[in-house]
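Accompanying notes for the structure given below.
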Amino acid sequence: MRLDDGTHCEEASSLAEHKLQDVRAKLADLARMEVVLSQLVCACHARQG
């Protein structure tokens with residue numbers, strides 16, 4: 001992402017902050033999914049072993 005000559009820094013900063021919030025929320029969701037999937041894999045391996 002880069003600022004063009006006509007883009008105001010305040011507007012760009014606001015858009016970037018909102019996008020950053022979205023990215024952080026998605027990362028948190030993915031981290032929760034990782035935990036659940038890891039638990040599932042471990043449970044399956046424990047039953048097989």
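Quick check: pseudo-label points 7 Å beyond the Cα along Cα→Cβ at SER38 and HIS8, how many nm apart are they?
4.5
If you put +1 on each Lys and Arg Cβ and -1 on each Asp and Glu Cβ, how big is the dipole of region 7-49 around its Cα centre, in Debye rounded to 20?
400
Under Stokes-Einstein, with the Kirkwood radius over Cα pairs standing in for Rh, what whole-number D in µm²/s applies to region 7-49 at 4 °C and 1.567 mPa s?
The calculation lands on 101 µm²/s.
Using θ = phi - 60° and the Karplus form 6.51 cos²θ - 1.76 cosθ + 1.60, what ³J(HN,Hα) does each residue of region 19-29 get, whole Hz, x for Gly and Pro?
5, 4, 4, 4, 4, 5, 5, 5, 4, 5, 4
Tell me which of LEU15, GLN39, ALA25 sits at the most positive position along the dipole axis of region 7-49, charges placed on C-beta atoms (Lys, Arg +1; Asp, Glu -1).
Result: GLN39, furthest along the dipole toward the positive end.
Tabulate in residue order the Karplus-calculated ³J(HN,Hα) for region 33-39, using 6.51 cos²θ - 1.76 cosθ + 1.60 with θ = phi - 60°, rounded to whole Hz; enter x for Gly and Pro.
Once rounded to whole Hz, the list reads 4, 4, 4, 5, 5, 5, 5.
Each reported figure results from applying straightforward, stated rules to the coordinates on display, with no laboratory input. The model shown is predicted, which means the values in this text are computed figures rather than measured ones. Because the Cβ atoms are built from the backbone with ideal geometry, glycine has one as well, and the counts that use them run over all protein chains shown.
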